[in-house]
Amino acid sequence: MLSEYKLSFLISLVLHSALIVLSAFSWQSVKAPSTEPAAPVEIIQAITVDEVAIQTEMKRIQAERQQQQAAELARQQELERKAAQAKKQREAEAKRLAELEAQTKKIKQQQEQEMKRLANLKAQAKAAEQKRQEEEKRQAELQQQLAQRQAALQKKLEEEQRQQAQLAAEKERQLQEIIQRYGALIKQAIGQQWIIPDNVERNLSSTLLIRLAPGGSVVDVQLIQSSGHPQLDRSAIAAVYKASPLPVPREEEWFEKFREVKLTVRPEEVFAR
Amino acid sequence: MNSTMHQWLMVVIISLLLSLTGQAVAQTKPFELVLTRGVDRAQPIAVVPFAGEDELPEDQQLSKIITHDLNRSGQFTSLPSQAITQFPSQVDAVNYQYWRQHLVDNLIIGSIEQLSTEQYRVSFTLLNVFNPVAYQQILLEKSFIVSKGELRRLAHHISDLVYQELTGERGIFTTRIAYILVREQADGSRRYTLEVADADGYNPRSLLLSTQPIMSPAWSPDGKHIAYVSFEKRRAEIYTVHVATGKRRLISSQVGINGAPAWSPDGKRLAVALSYENQPNIYLIDVHSGYIEQVTYGTAIDTEPAFSPDGQKIIFTSDRGGTPQIYQVDLTTKKVERLTFTGKYNTTAQFTPDGQRIVMLHKTELGFNIAEQSLHTGALQVLTHTKAAESPTLAPNGKWVLYADRQGGRSELKIVSIEGRVHERIPTPAGYVQEPAWSPFF
């Protein structure tokens, strides 16, 4: 610690000595009135010199000097401090610079590395891109093939569907035709056996449920709605049995439509004799 | 899980499956048809000879009488006896398949059993051959105990029952007919009898016998009396005779013509043609009191009255229009209107029981024939195709017309069904037959 303040102490010592010396001289000089003779001496008014006042003044001047010294000291100290600070700062700065340099170097290194890496990556990416493009191309080709095949399949499917629809429509048409034809045949077969009772009102009607076996044989006949006229009901039931076997299609799937027949009879007219 | 639980589970699963398939089947919609045209044909029927009847004389063999009745009705056609090879007399012996193959709709079977010398038990069953519900195949099943003499009438009664069951209409097989029979005697004189016979002409019985003409028999609505015109006092008089006893009562003996008696539907009055005041006009005579009320007026000849079924109107023959035509008078207002406009000669008209049509004697190009006319439309339909028909009389169910048909020097009784399908002759004893009258229902 002492070594630190060594310089400062030395300087202080020097300065104080100087000060003392100076003050000694100054006092002396103070004692002597101003050397500036200059003017014609005028009758100076005699000023009573007050010892106290001189002492006070001397104290004041001392104090002032002390203050000046202190200030000076302070200033010196300040300077020292500032110097030290500056040095510190310079050192720190140097350090920082060094660090910065190091850092910069490091960064540069890193940058170079990074650049290398990037370059690498770029190269990789390029390679990958190429690969991808090739893959894409291949995929596209595959897709195309697939699409083509699908299109072909789709077409085939549509074609089949169209054919199916046609077949279905054809079948439907056939069915309607069969229904018409056999419906008329069945009605005629039963009608020719249906003896209408003499005194029955034309707006009466009976409804029967007829069950047929393949081939048209009447399995059974149920009266599901009476006309209220028992002779009319019976005449219809007898007609169905007498007309058995009823004309029905031979193919099983067409026959299924006629397995159950709901027949309503209404005596509106007779076959011309 | 033990065995029983396992079984139950199977039952549940199976029934569920079954019900599902049942549903599937039930959901198929039945094919729907509407039939509006049939045939106008007689119903085929088979009457199997009754067990035990071949021991009876032929005219008492019930199945034969029934067959004949049903055939002449025009509504039925019986399977000929030659075609019948099965002879059930009990319901359980009936093989429906056999009868269905013969295309017969209905079947009558029966039996007759002699209980004592005079008593017989007769049973019959009417069966529907095609009825799908087994226990409903029996339409009629009855038993009777009758004396020998009643067998024929019982057969007619069975015919009535069968007819009613199968057509819904009342049968006429137990009704009667009355007619005038004129017989030439060896000495050249004539015998006139009022005969009453079964509707098929069997069992004629003479109700009245006279050496003078008997005319215009008319049955009372209850079938107990016959009104007629008698010339026994050498002039026309109107009498009624009680059929069961033969007891007679004089109704009208006015000066001039007393003719064409016709009973009111309530049996209380007779419409007659009287000429005591003028030319023949229609009058009403109260049977009980003899009170006379004039109905038609004028100088034309009005005769042959007949009441409408509701008793409010009388139709009659009149020449007031120039030629004989049928007219109608309203008994309340006495207003007269003409009914027939077809042809130049229309006489002897009668209402059908439904009041919708009239049956009359109508002259065609061919000759005199029976025709029926709809009162609603005025359309006239000729039923016979002969030359000299006369005296049409309607069956009480309106289904037949009985008339006399002159052929050469003879005359016969014939029936024609109202739609013209059936023509048949009614057997009568030897002699000249005229003016038949069909009885009401008894």
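Every number here is computed from the coordinates shown, using simple stated rules; none is lab data. Everything numeric in this text was worked out from a predicted model, so none of it was measured. Cβ: placed from backbone, ideal geometry, glycine included. Neighbour counts: every protein chain shown.
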Query raised in the report: Under 13 Å from the Cα of residue A:137, which aspartates and glutamates turn up, not counting those fewer than eight places away in the same chain?
Result: A:129
Query - Likely footprinting exposure, B:360, B:215, A:115, fewest C-beta neighbours within 10 Å first - result: A:115, B:215, B:360
Query raised in the report: Which value, in debye to the nearest 20, describes the size of the charge dipole of the range A:156-273 about its Cα centre when Lys and Arg Cβ atoms bear +1, Asp and Glu Cβ atoms bear -1, and nothing else is charged?
Result: 340
Requested in this report: Fewest Cβ neighbours within 10 Å first, please rank A:153, A:223, A:212 accordingly.
Outcome: A:153, A:223, A:212
Query raised in the report: So which lysines pass the test for residue A:171, namely a Cα distance under 18 Å, with those fewer than 8 places away in the same chain ruled out?
Result: A:257
Query - residue B:119 paired with residue A:8, simple spin-label distance in nm, labels 7 Å along Cα-to-beta-carbon - result: 17.3
Report task. Could you work out how far apart the two model spin labels at residue A:158 and residue B:345 are, taking each label as a point 7 Å from the Cα in the direction of the beta carbon, and quote it in nm? Result -> 9.0
**Report entry** Unit charges on C-beta of K, R, D, E only; dipole of the range B:220-330, Debye
**Finding:** 480
Query raised in the report: What is the calculated FRET efficiency for residue A:270 to residue B:334, with r their C-beta to C-beta distance and R₀ = 56 Å, to the nearest 0.05?
Result: 0.85
Query raised in the report: Per residue, what volume in Å³ does the Cα convex hull of chain A take up?
Result: 685
Report summary line: Tilt, helix A:230-242 to longest principal axis of chain A (alpha-carbon atoms), in degrees rounded to tens, equals 90
Report summary line: Calculated from DSSP helices alone, with each H run of at least 4 adding -39500 (n - 2.57) and the total divided by the residues of the protein assembly as shown, [θ]222 nm to the nearest 500 comes to -12500 deg cm²/dmol
Report task. With r as the distance between the Cβ atoms of residue B:54 and residue A:170 and R0 = 51 Å, compute the FRET efficiency 1/(1 + (r/R0)^6) and round to 0.05. Result -> 0.15
Report summary line: Across B:185, B:350, B:212, the residue with the highest GNM fluctuation in chain B (Cα network, 10 Å cutoff) is B:185
Query raised in the report: Relative contact order for chain A: what is it in percent, counting Cα pairs under 8 Å that are at least 6 residues apart?
Result: 14
Requested in this report: Please give the helix B:62-72 orientation as an angle from the longest Cα principal axis of chain B, in degrees from 0 to 90, rounded to the nearest 10.
Outcome: 70
Report task. Let me see the pair-distance distribution of the range B:74-229: every alpha carbon pair, 5 Å bin width, integer percents in order. Result -> 2, 7, 13, 14, 15, 13, 10, 8, 7, 5, 3, 2, 0, 0
Report task. At 0.36 nm per residue, minus the direct Cα-Cα distance, what do residue A:52 and residue A:222 gain on full extension? Give it in nm, one decimal, please. Result -> 45.1 nm
Query raised in the report: Taking neighbour Cβ counts within 10 Å as the exposure measure, how do A:246, A:263 sort from fewest upward?
Result: A:246, A:263
Query - With Cα atoms, 0 to 90° folded angle of helix A:2-31 axis to chain A main axis - result: 40
Query raised in the report: For the pair residue A:18 and residue B:421, how long in nm is the line joining their label points, each one 7 Å along Cα→Cβ?
Result: 17.0
Query raised in the report: Is there a pair in A:105/A:131; B:247/B:335; A:242/B:29; B:64/B:268 whose C-alpha atoms are over 31 Å apart, and which pairs would that be?
Result: A:105/A:131; B:247/B:335; B:64/B:268
Report summary line: Correct semi-axes for the protein assembly as shown, from √(5λ) of the alpha-carbon gyration tensor and rounded to whole Å with the largest first, are 146, 41, 27
Query - Counted charge near residue B:256, where neighbours are those whose Cβ lies closer than 10 Å (Asp, Glu -1; Lys, Arg +1) - result: 0
Query raised in the report: Restricting attention to the alpha-carbon atoms of the range B:103-193, what are Rg (one decimal) and Dmax (integer), both in Å?
Result: 19.5, 68
